[in-house]
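K.L.:
This is the structure, below, for whatever I ask next.
The values are calculated or read from the model by the stated rules, or taken from the named source; none is laboratory data. Since this is a predicted model, take the numbers as computed values, not measurements. In this analysis, Cβ positions are derived from the backbone assuming ideal geometry, glycine residues included, and neighbour counts consider all displayed protein chains.
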(Lines give C-alpha, C1' and ligand atoms only; values in the text may rest on other atoms or scores of the structure.)
Protein backbone atom coordinates (compact mmCIF):
# COMPACT_ATOMS: atom_id res chain seq x y z
CA UNK A 1 0.00 0.00 0.00
CA UNK A 2 1.12 3.55 -0.68
CA UNK A 3 0.13 6.90 0.84
CA UNK A 4 -0.83 10.11 -0.96
CA UNK A 5 -1.87 13.63 0.02
CA UNK A 6 -3.71 16.12 -2.19
CA UNK A 7 -4.33 19.61 -0.89
CA UNK A 8 -4.67 23.35 -1.09
CA UNK A 9 -3.37 25.74 1.54
CA UNK A 10 -2.60 29.41 2.27
CA UNK A 11 0.62 29.16 0.25
CA UNK A 12 -0.99 27.87 -2.94
CA UNK A 13 -4.44 29.48 -3.04
CA UNK A 14 -6.20 32.73 -2.06
CA UNK A 15 -9.01 32.65 0.49
CA UNK A 16 -11.69 32.71 -2.25
CA UNK A 17 -10.45 29.33 -3.52
CA UNK A 18 -9.85 27.90 -0.04
CA UNK A 19 -13.45 28.71 0.86
CA UNK A 20 -14.75 26.78 -2.15
CA UNK A 21 -12.92 23.55 -1.28
CA UNK A 22 -13.55 23.49 2.47
CA UNK A 23 -15.51 20.49 3.80
CA UNK A 24 -18.29 21.44 6.19
CA UNK A 25 -18.93 19.12 9.17
CA UNK A 26 -22.32 18.23 7.69
CA UNK A 27 -20.84 17.00 4.39
CA UNK A 28 -17.71 15.36 5.79
CA UNK A 29 -19.22 11.87 6.46
CA UNK A 30 -20.51 11.62 2.90
CA UNK A 31 -17.18 12.86 1.52
CA UNK A 32 -15.26 10.17 3.43
CA UNK A 33 -17.70 7.52 2.23
CA UNK A 34 -17.37 8.60 -1.41
CA UNK A 35 -13.57 8.76 -1.18
CA UNK A 36 -13.33 5.23 0.17
CA UNK A 37 -15.62 4.01 -2.61
CA UNK A 38 -13.17 5.17 -5.30
CA UNK A 39 -11.29 2.28 -6.98
CA UNK A 40 -8.04 1.48 -5.20
CA UNK A 41 -8.64 3.73 -2.17
CA UNK A 42 -8.33 1.73 1.05
CA UNK A 43 -8.38 4.50 3.66
CA UNK A 44 -9.23 8.20 3.69
CA UNK A 45 -9.05 11.19 6.02
CA UNK A 46 -9.82 14.86 5.38
CA UNK A 47 -8.18 17.81 7.13
CA UNK A 48 -10.16 21.00 6.50
CA UNK A 49 -9.34 24.33 8.20
CA UNK A 50 -9.53 27.99 7.22
CA UNK A 51 -5.97 27.80 5.86
CA UNK A 52 -5.88 24.34 4.30
CA UNK A 53 -7.91 21.45 2.91
CA UNK A 54 -6.02 18.18 2.56
CA UNK A 55 -7.09 14.68 1.53
CA UNK A 56 -5.02 11.78 2.87
CA UNK A 57 -5.47 8.32 1.33
CA UNK A 58 -3.82 4.93 1.38
CA UNK A 59 -3.95 3.22 -2.01
CA UNK A 60 -4.06 -0.47 -2.74
CA UNK A 61 -0.96 -1.77 -4.49
CA UNK A 62 -1.75 -5.46 -4.58
CA UNK A 63 1.74 -6.40 -5.71
CA UNK A 64 3.30 -4.26 -2.94
CA UNK A 65 5.09 -2.15 -5.54
CA UNK A 66 4.58 1.56 -6.02
CA UNK A 67 3.74 1.48 -9.74
CA UNK A 68 3.99 5.14 -10.80
CA UNK A 69 1.35 4.94 -13.55
CA UNK A 70 -1.07 3.13 -11.24
CA UNK A 71 -0.62 5.73 -8.49
CA UNK A 72 -0.98 8.60 -10.97
CA UNK A 73 -4.26 7.15 -12.26
CA UNK A 74 -5.63 6.87 -8.74
CA UNK A 75 -4.39 10.38 -7.94
CA UNK A 76 -6.31 11.72 -10.92
CA UNK A 77 -9.46 9.88 -9.85
CA UNK A 78 -9.29 11.57 -6.45
CA UNK A 79 -8.62 14.97 -8.03
CA UNK A 80 -11.62 14.51 -10.34
CA UNK A 81 -13.77 13.56 -7.35
CA UNK A 82 -12.49 16.60 -5.39
CA UNK A 83 -13.46 18.87 -8.28
CA UNK A 84 -16.91 17.33 -8.68
CA UNK A 85 -17.69 17.24 -4.95
CA UNK A 86 -17.14 20.98 -4.62
CA UNK A 87 -18.37 21.84 -8.10
CA UNK A 88 -15.15 23.70 -8.88
CA UNK A 89 -13.66 23.50 -12.40
CA UNK A 90 -10.83 20.99 -12.64
CA UNK A 91 -8.56 23.55 -14.35
CA UNK A 92 -9.11 26.03 -11.51
CA UNK A 93 -8.50 23.39 -8.82
CA UNK A 94 -5.38 21.98 -10.46
CA UNK A 95 -3.66 25.41 -10.55
CA UNK A 96 -3.66 25.54 -6.74
CA UNK A 97 -3.30 21.86 -5.87
CA UNK A 98 -0.22 20.15 -4.44
CA UNK A 99 0.40 16.40 -4.31
CA UNK A 100 2.67 14.26 -2.17
CA UNK A 101 3.36 10.55 -2.57
CA UNK A 102 4.30 8.10 0.15
CA UNK A 103 7.56 9.24 1.80
CA UNK A 104 6.73 12.86 1.01
CA UNK A 105 3.22 12.30 2.40
CA UNK A 106 4.68 10.98 5.66
CA UNK A 107 7.07 13.93 5.91
CA UNK A 108 4.29 16.42 5.06
CA UNK A 109 1.91 15.00 7.68
CA UNK A 110 4.62 15.26 10.36
CA UNK A 111 5.47 18.85 9.34
CA UNK A 112 1.80 19.88 9.39
CA UNK A 113 1.27 18.36 12.85
CA UNK A 114 4.31 20.24 14.17
CA UNK A 115 3.13 23.58 12.78
CA UNK A 116 6.04 23.85 10.33
CA UNK A 117 3.71 24.28 7.37
CA UNK A 118 1.42 26.81 9.09
CA UNK A 119 0.94 30.50 8.35
CA UNK A 120 2.30 31.20 11.85
CA UNK A 121 5.38 29.01 12.29
CA UNK A 122 4.93 26.52 15.12
CA UNK A 123 1.31 27.41 15.93
CA UNK A 124 -0.29 24.64 18.03
CA UNK A 125 -3.92 24.82 16.80
CA UNK A 126 -3.26 22.66 13.74
CA UNK A 127 -2.41 19.66 15.93
CA UNK A 128 -5.85 19.80 17.53
CA UNK A 129 -7.42 20.09 14.08
CA UNK A 130 -5.49 17.03 12.88
CA UNK A 131 -6.65 15.07 15.92
CA UNK A 132 -10.24 16.08 15.12
CA UNK A 133 -9.73 14.92 11.53
CA UNK A 134 -8.40 11.58 12.80
CA UNK A 135 -11.33 11.18 15.21
CA UNK A 136 -13.89 11.87 12.47
CA UNK A 137 -12.28 9.45 10.03
CA UNK A 138 -12.13 6.78 12.75
CA UNK A 139 -15.75 7.39 13.69
CA UNK A 140 -16.90 6.95 10.09
CA UNK A 141 -14.77 3.85 9.48
CA UNK A 142 -12.44 5.27 6.85
CA UNK A 143 -9.19 4.54 8.71
CA UNK A 144 -7.35 1.23 9.00
CA UNK A 145 -3.80 0.17 9.81
CA UNK A 146 -1.56 2.32 7.58
CA UNK A 147 -3.25 5.74 7.52
CA UNK A 148 -4.38 5.38 11.12
CA UNK A 149 -0.79 4.69 12.15
CA UNK A 150 0.42 7.71 10.12
CA UNK A 151 -1.82 10.07 12.08
CA UNK A 152 -0.91 8.51 15.44
CA UNK A 153 2.78 8.74 14.59
CA UNK A 154 2.32 12.39 13.54
CA UNK A 155 0.84 13.19 16.96
CA UNK A 156 3.82 11.53 18.66
CA UNK A 157 6.28 13.49 16.49
CA UNK A 158 4.49 16.78 17.29
CA UNK A 159 4.72 16.03 21.01
CA UNK A 160 8.44 15.25 20.71
CA UNK A 161 9.10 18.46 18.75
CA UNK A 162 7.26 20.59 21.34
CA UNK A 163 9.13 18.84 24.16
CA UNK A 164 12.62 18.86 22.62
CA UNK A 165 12.58 22.27 20.86
CA UNK A 166 11.41 25.83 21.57
CA UNK A 167 9.08 25.85 18.56
CA UNK A 168 6.05 26.99 20.56
CA UNK A 169 7.61 28.85 23.46
CA UNK A 170 7.82 32.35 21.99
CA UNK A 171 5.10 34.78 20.87
CA UNK A 172 4.93 35.44 17.14
CA UNK A 173 1.62 37.29 16.83
CA UNK A 174 0.69 40.73 18.17
CA UNK A 175 -2.17 39.30 20.22
CA UNK A 176 -0.06 36.50 21.68
CA UNK A 177 2.85 38.85 22.37
CA UNK A 178 0.51 41.22 24.25
CA UNK A 179 -0.76 38.48 26.53
CA UNK A 180 2.73 37.03 27.01
CA UNK A 181 3.95 40.45 28.23
CA UNK A 182 0.99 40.68 30.61
CA UNK A 183 1.87 37.28 32.08
CA UNK A 184 5.50 38.34 32.49
CA UNK A 185 4.42 41.43 34.44
CA UNK A 186 1.57 39.99 36.51
CA UNK A 187 2.35 36.29 36.67
CA UNK A 188 -0.92 34.55 37.55
CA UNK A 189 -3.67 36.50 35.73
CA UNK A 190 -6.60 35.15 37.74
CA UNK A 191 -6.85 38.12 40.18
CA UNK A 192 -6.83 40.72 37.39
CA UNK A 193 -9.24 42.45 35.00
CA UNK A 194 -8.55 43.18 31.32
CA UNK A 195 -10.19 45.94 29.30
CA UNK A 196 -10.31 45.16 25.57
CA UNK A 197 -10.93 48.27 23.44
CA UNK A 198 -12.35 47.37 20.04
CA UNK A 199 -13.96 44.17 18.78
CA UNK A 200 -11.95 43.23 15.70
CA UNK A 201 -9.97 40.08 14.93
CA UNK A 202 -6.84 41.07 16.89
CA UNK A 203 -8.83 41.99 20.01
CA UNK A 204 -10.81 38.75 19.74
CA UNK A 205 -7.60 36.73 19.49
CA UNK A 206 -6.04 38.59 22.43
CA UNK A 207 -9.21 38.01 24.48
CA UNK A 208 -9.04 34.33 23.61
CA UNK A 209 -5.43 34.11 24.80
CA UNK A 210 -6.31 35.96 28.02
CA UNK A 211 -9.30 33.72 28.64
CA UNK A 212 -7.26 30.53 28.13
CA UNK A 213 -4.59 31.97 30.45
CA UNK A 214 -7.14 32.23 33.27
CA UNK A 215 -7.77 35.99 33.40
CA UNK A 216 -10.19 36.88 36.20
CA UNK A 217 -12.51 39.18 34.23
CA UNK A 218 -12.73 40.75 30.76
CA UNK A 219 -14.47 43.99 29.77
CA UNK A 220 -15.07 44.61 26.06
CA UNK A 221 -15.51 48.25 24.99
CA UNK A 222 -16.65 49.04 21.47
CA UNK A 223 -18.28 51.87 19.56
CA UNK A 224 -21.44 49.75 19.12
CA UNK A 225 -22.68 47.83 22.16
CA UNK A 226 -24.06 45.03 19.95
CA UNK A 227 -20.61 44.10 18.60
CA UNK A 228 -19.15 44.33 22.10
CA UNK A 229 -21.86 41.99 23.40
CA UNK A 230 -21.26 39.48 20.61
CA UNK A 231 -17.57 39.24 21.48
CA UNK A 232 -18.18 39.33 25.25
CA UNK A 233 -20.48 36.30 25.11
CA UNK A 234 -17.62 34.10 23.94
CA UNK A 235 -15.63 34.75 27.10
CA UNK A 236 -18.32 35.32 29.73
CA UNK A 237 -17.20 38.97 29.64
CA UNK A 238 -18.81 42.35 30.22
CA UNK A 239 -19.75 44.66 27.32
CA UNK A 240 -19.67 48.48 27.41
CA UNK A 241 -19.53 51.32 24.88
CA UNK A 242 -16.49 53.53 24.26
CA UNK A 243 -18.44 56.40 25.75
CA UNK A 244 -18.70 54.54 29.07
CA UNK A 245 -15.05 53.45 29.06
CA UNK A 246 -13.61 56.27 31.28
CA UNK A 247 -15.93 55.19 34.11
CA UNK A 248 -14.62 51.62 33.96
CA UNK A 249 -10.93 52.31 33.30
CA UNK A 250 -10.06 52.29 37.00
CA UNK A 251 -11.10 48.61 37.15
CA UNK A 252 -8.62 47.58 34.47
CA UNK A 253 -5.21 46.13 35.31
CA UNK A 254 -4.58 45.29 31.65
CA UNK A 255 -5.69 47.42 28.69
CA UNK A 256 -5.35 46.20 25.10
CA UNK A 257 -6.61 48.53 22.39
CA UNK A 258 -7.08 48.05 18.65
CA UNK A 259 -9.68 50.22 16.92
CA UNK A 260 -9.93 51.93 13.56
CA UNK A 261 -10.21 55.39 15.11
CA UNK A 262 -8.26 58.17 13.41
CA UNK A 263 -7.78 59.97 16.75
CA UNK A 264 -6.66 58.73 20.19
CA UNK A 265 -9.54 57.48 22.36
CA UNK A 266 -7.58 57.34 25.62
CA UNK A 267 -5.88 60.54 26.73
CA UNK A 268 -3.38 61.29 29.45
CA UNK A 269 -5.97 63.04 31.64
CA UNK A 270 -8.39 60.09 31.57
CA UNK A 271 -5.64 57.67 32.54
CA UNK A 272 -4.41 59.99 35.32
CA UNK A 273 -7.87 60.11 36.87
CA UNK A 274 -8.14 56.32 36.71
CA UNK A 275 -4.74 55.92 38.40
CA UNK A 276 -5.80 58.20 41.27
CA UNK A 277 -8.94 56.11 41.83
CA UNK A 278 -6.76 52.99 41.75
CA UNK A 279 -4.41 54.56 44.32
CA UNK A 280 -1.65 54.29 41.69
CA UNK A 281 -1.93 50.53 41.31
CA UNK A 282 -0.05 49.87 38.01
CA UNK A 283 -1.79 49.47 34.64
CA UNK A 284 -0.30 47.51 31.75
CA UNK A 285 -1.34 48.97 28.38
CA UNK A 286 -0.84 47.71 24.84
CA UNK A 287 -1.76 49.97 21.92
CA UNK A 288 -1.92 47.79 18.81
CA UNK A 289 -3.74 50.39 16.69
CA UNK A 290 -2.22 52.38 13.83
CA UNK A 291 -2.78 55.32 14.21
CA UNK A 292 -2.54 55.09 17.97
CA UNK A 293 -5.55 54.70 20.26
CA UNK A 294 -3.63 55.82 23.37
CA UNK A 295 -1.91 59.21 23.52
CA UNK A 296 1.88 58.93 23.54
CA UNK A 297 1.99 61.19 26.64
CA UNK A 298 0.40 58.40 28.69
CA UNK A 299 3.83 56.76 28.69
CA UNK A 300 5.08 59.67 30.83
CA UNK A 301 2.84 58.61 33.74
CA UNK A 302 4.25 56.63 36.62
CA UNK A 303 2.56 53.27 37.21
CA UNK A 304 1.75 52.80 33.50
CA UNK A 305 3.55 50.22 31.33
CA UNK A 306 2.69 51.29 27.76
CA UNK A 307 3.69 49.20 24.74
CA UNK A 308 2.97 50.08 21.11
CA UNK A 309 2.81 47.85 18.06
CA UNK A 310 6.45 48.79 17.29
CA UNK A 311 7.59 47.46 20.66
CA UNK A 312 5.69 44.25 20.04
CA UNK A 313 7.11 43.90 16.54
CA UNK A 314 10.64 43.94 17.95
CA UNK A 315 9.68 41.11 20.32
CA UNK A 316 7.98 39.16 17.51
CA UNK A 317 10.96 39.55 15.16
CA UNK A 318 13.32 38.23 17.82
CA UNK A 319 10.96 35.38 18.65
CA UNK A 320 10.60 34.43 14.99
CA UNK A 321 14.38 33.97 14.85
CA UNK A 322 14.11 31.69 17.87
CA UNK A 323 11.33 29.70 16.21
CA UNK A 324 13.30 29.41 12.98
CA UNK A 325 16.18 27.86 14.91
CA UNK A 326 13.75 25.50 16.63
CA UNK A 327 12.21 24.64 13.26
CA UNK A 328 15.61 23.48 11.98
CA UNK A 329 15.88 21.16 14.99
CA UNK A 330 12.31 19.98 14.34
CA UNK A 331 13.16 19.11 10.72
CA UNK A 332 15.95 16.82 11.96
CA UNK A 333 13.54 15.08 14.34
CA UNK A 334 11.01 14.69 11.52
CA UNK A 335 13.54 13.11 9.14
CA UNK A 336 14.48 10.54 11.79
CA UNK A 337 10.81 9.79 12.44
CA UNK A 338 10.06 9.42 8.71
CA UNK A 339 12.73 6.70 8.56
CA UNK A 340 11.23 5.04 11.63
CA UNK A 341 7.76 5.00 10.07
CA UNK A 342 9.10 3.54 6.82
CA UNK A 343 10.94 0.83 8.79
CA UNK A 344 7.68 0.00 10.59
CA UNK A 345 5.84 -0.22 7.27
CA UNK A 346 8.40 -2.66 5.88
CA UNK A 347 7.56 -5.06 8.71
CA UNK A 348 3.98 -5.23 7.40
CA UNK A 349 5.18 -7.39 4.49
CA UNK A 350 6.00 -10.14 7.01
CA UNK A 351 2.78 -9.84 9.02
CA UNK A 352 0.72 -12.31 6.97
CA UNK A 353 3.52 -14.91 7.04
CA UNK A 354 4.03 -14.50 10.80
CA UNK A 355 0.27 -14.88 11.36
CA UNK A 356 0.08 -18.04 9.23
CA UNK A 357 3.10 -19.60 10.99
CA UNK A 358 1.60 -18.79 14.39
CA UNK A 359 -1.81 -20.23 13.48
CA UNK A 360 -0.22 -23.43 12.14
CA UNK A 361 1.97 -23.77 15.24
CA UNK A 362 -0.99 -23.25 17.57
CA UNK A 363 -3.01 -25.87 15.66
CA UNK A 364 -0.15 -28.38 15.94
CA UNK A 365 0.23 -27.61 19.64
CA UNK A 366 -3.49 -28.19 20.26
CA UNK A 367 -3.35 -31.50 18.37
CA UNK A 368 -0.34 -32.83 20.29
CA UNK A 369 -1.62 -31.52 23.64
CA UNK A 370 -4.92 -33.34 23.12
CA UNK A 371 -3.09 -36.63 22.44
CA UNK A 372 -0.87 -36.09 25.50
CA UNK A 373 -3.84 -35.48 27.81
CA UNK A 374 -5.51 -38.66 26.53
CA UNK A 375 -2.36 -40.66 27.33
CA UNK A 376 -2.41 -39.31 30.91
CA UNK A 377 -6.12 -40.14 31.23
CA UNK A 378 -5.32 -43.71 30.07
CA UNK A 379 -2.75 -44.15 32.83
CA UNK A 380 0.45 -43.02 31.11
CA UNK A 381 2.95 -41.56 33.59
CA UNK A 382 3.32 -37.78 33.59
CA UNK A 383 7.04 -38.10 32.80
CA UNK A 384 6.43 -40.24 29.70
CA UNK A 385 3.59 -37.96 28.59
CA UNK A 386 5.78 -34.86 28.83
CA UNK A 387 8.57 -36.61 26.86
CA UNK A 388 6.02 -37.55 24.18
CA UNK A 389 4.75 -33.94 24.07
CA UNK A 390 8.24 -32.45 23.67
CA UNK A 391 9.42 -35.02 21.08
CA UNK A 392 6.24 -34.86 18.99
CA UNK A 393 6.06 -31.07 18.98
CA UNK A 394 9.70 -30.80 17.92
CA UNK A 395 9.16 -33.28 15.07
CA UNK A 396 5.98 -31.60 13.86
CA UNK A 397 7.42 -28.06 14.01
CA UNK A 398 10.56 -29.06 12.12
CA UNK A 399 9.06 -31.50 9.59
CA UNK A 400 8.12 -28.96 6.91
CA UNK A 401 11.26 -26.73 7.26
CA UNK A 402 13.49 -29.85 7.18
CA UNK A 403 11.81 -31.15 4.04
CA UNK A 404 12.17 -27.77 2.31
CA UNK A 405 15.84 -27.51 3.33
CA UNK A 406 16.59 -30.95 1.89
CA UNK A 407 14.97 -29.87 -1.38
CA UNK A 408 16.97 -26.63 -1.34
CA UNK A 409 20.20 -28.61 -0.80
CA UNK A 410 19.27 -30.93 -3.66
CA UNK A 411 18.91 -27.95 -6.04
CA UNK A 412 21.87 -25.97 -4.74
CA UNK A 413 19.73 -23.17 -3.29
CA UNK A 414 22.36 -21.88 -0.87
CA UNK A 415 20.47 -18.63 -0.27
CA UNK A 416 17.48 -20.57 1.12
CA UNK A 417 19.77 -22.56 3.43
CA UNK A 418 21.53 -19.36 4.58
CA UNK A 419 18.17 -17.68 5.27
CA UNK A 420 16.99 -20.70 7.28
CA UNK A 421 20.22 -20.75 9.29
CA UNK A 422 19.74 -17.02 10.01
CA UNK A 423 16.08 -17.55 11.02
CA UNK A 424 16.57 -20.57 13.25
CA UNK A 425 20.12 -20.22 14.53
CA UNK A 426 20.84 -16.49 14.35
CA UNK A 427 23.49 -14.62 12.38
CA UNK A 428 26.28 -15.31 14.86
CA UNK A 429 25.91 -19.08 14.80
CA UNK A 430 28.55 -21.07 12.87
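K.L.:
Tell me which residues, restricted to segment 14-31, are touching a helix residue (DSSP H, G or I) at 6+ places or on another chain (Cβ under 7 Å) and over 13 Å from residue 82 (Cβ atoms). Don't jump to the end; show me each part of the working.
P.N.:
So the first thing to find is which residues in segment 14-31 are touching a helix residue (DSSP H, G or I) at 6+ places or on another chain (Cβ under 7 Å), and the list is 17, 20-21, 23, 28, 31.
Within segment 14-31, just 28 meets the criteria.
K.L.:
May I ask you to say which residue of 197, 185 is surrounded by fewer than 17 Cβ atoms within 10 Å (Cβ to Cβ) and either in contact (Cβ under 8 Å) with a residue 24 or more places away in the chain or farther than 22 Å from residue 263 by Cα (or both)?
P.N.:
On the way: 197 fails: surrounded by fewer than 17 Cβ atoms within 10 Å (Cβ to Cβ).
Among 197, 185, only 185 is surrounded by fewer than 17 Cβ atoms within 10 Å (Cβ to Cβ) and either in contact (Cβ under 8 Å) with a residue 24 or more places away in the chain or farther than 22 Å from residue 263 by Cα (or both).
K.L.:
Among the listed residues 153, 108, 86, which satisfies the condition of being surrounded by fewer than 19 Cβ atoms within 10 Å (Cβ to Cβ), assigned by TED's automatic domain parsing to the domain that holds residue 12 and closer than 21 Å to residue 46 by Cβ?
P.N.:
Working: 153 fails: surrounded by fewer than 19 Cβ atoms within 10 Å (Cβ to Cβ); 108 fails: surrounded by fewer than 19 Cβ atoms within 10 Å (Cβ to Cβ).
After applying the criteria, what remains is 86.
K.L.:
Right, something else. State yes or no: is residue 163 in contact with a strand residue (DSSP E or B) (Cβ under 8 Å, 6 or more places away or on another chain) and surrounded by fewer than 16 Cβ atoms within 10 Å (Cβ to Cβ)? Don't jump to the end; show me each part of the working.
P.N.:
On the way: in contact with a strand residue (DSSP E or B) (Cβ under 8 Å, 6 or more places away or on another chain): no; surrounded by fewer than 16 Cβ atoms within 10 Å (Cβ to Cβ): yes.
For residue 163, the condition - in contact with a strand residue (DSSP E or B) (Cβ under 8 Å, 6 or more places away or on another chain) and surrounded by fewer than 16 Cβ atoms within 10 Å (Cβ to Cβ) - is not met.
K.L.:
Being touching a strand residue (DSSP E or B) at 6+ places or on another chain (Cβ under 6 Å) and surrounded by 17 or more Cβ atoms within 10 Å (Cβ to Cβ) is true for just one of 44, 13. Which residue is that?
P.N.:
Numbers: 13 fails: touching a strand residue (DSSP E or B) at 6+ places or on another chain (Cβ under 6 Å).
The conditions single out 44.
K.L.:
Where residues in segment 133-160 are within 20 Å of residue 52 (Cβ to Cβ) and either at pLDDT below 95 or not in a helix (DSSP H, G or I) (or both), which of them is nearest to the chain's Cα centre (by Cα)?
P.N.:
So, considering only residues that are within 20 Å of residue 52 (Cβ to Cβ) and either at pLDDT below 95 or not in a helix (DSSP H, G or I) (or both), the one nearest to the chain's Cα centre (by Cα) is 143.
K.L.:
Sticking with this structure for a sec: So which of 227, 223 ends up being touching a residue at least 24 places away in the same chain (Cβ under 8 Å) and farther than 18 Å from residue 264 by Cα? Don't jump to the end; show me each part of the working.
P.N.:
Numbers: 223 fails: farther than 18 Å from residue 264 by Cα.
Selected residue: 227, the only one of 227, 223 that is touching a residue at least 24 places away in the same chain (Cβ under 8 Å) and farther than 18 Å from residue 264 by Cα.
K.L.:
On to the next question. Residue 173 fails exactly one of the following numbered conditions: (1) farther than 24 Å from residue 323 by Cα; (2) in contact (Cβ under 8 Å) with a residue 40 or more places away in the chain. What is the number of that condition?
P.N.:
The single condition residue 173 does not satisfy is (1).
K.L.:
Within segment 335-343, identify whether any single residue is under 30 Å from residue 147 (Cα atoms), surrounded by fewer than 16 Cβ atoms within 10 Å (Cβ to Cβ), in contact with a helix residue (DSSP H, G or I) (Cβ under 7 Å, 6 or more places away or on another chain) and in contact (Cβ under 8 Å) with a residue 24 or more places away in the chain, and answer yes or no.
P.N.:
Filtering segment 335-343 down to residues under 30 Å from residue 147 (Cα atoms) leaves 335-343.
Those left that are additionally surrounded by fewer than 16 Cβ atoms within 10 Å (Cβ to Cβ): 335-336, 339-340, 342-343.
Add one more test, that the residue is in contact with a helix residue (DSSP H, G or I) (Cβ under 7 Å, 6 or more places away or on another chain), and what stays is 342.
Now drop any that are not in contact (Cβ under 8 Å) with a residue 24 or more places away in the chain, which leaves 342.
Checking segment 335-343: at least one residue is under 30 Å from residue 147 (Cα atoms), surrounded by fewer than 16 Cβ atoms within 10 Å (Cβ to Cβ), in contact with a helix residue (DSSP H, G or I) (Cβ under 7 Å, 6 or more places away or on another chain) and in contact (Cβ under 8 Å) with a residue 24 or more places away in the chain.
K.L.:
Could you please give the count of residues in segment 344-381 that are outside any helix (DSSP H, G or I) and either on the phi > 0 side of the Ramachandran plot or surrounded by 13 or more Cβ atoms within 10 Å (Cβ to Cβ) (or both)?
P.N.:
2
K.L.:
Working only within segment 5-64, note down all residues that are under 30 Å from residue 349 (Cβ atoms) and assigned to a loop (DSSP other than H, G, I, E, B).
P.N.:
Scanning segment 5-64 gives 38, 39, 40, 60, 61, 62, 63, 64.
K.L.:
Being part of a helix (DSSP H, G or I), touching a strand residue (DSSP E or B) at 6+ places or on another chain (Cβ under 8 Å) and touching a residue at least 60 places away in the same chain (Cβ under 8 Å) is the filter here, so list the residues in segment 292-317 that pass it.
P.N.:
From segment 292-317, those part of a helix (DSSP H, G or I) are 296-300, 309-317; that's our starting set.
Keeping just the survivors that are touching a strand residue (DSSP E or B) at 6+ places or on another chain (Cβ under 8 Å) gives 298-299, 309, 312.
Passing the criteria: 309, 312.
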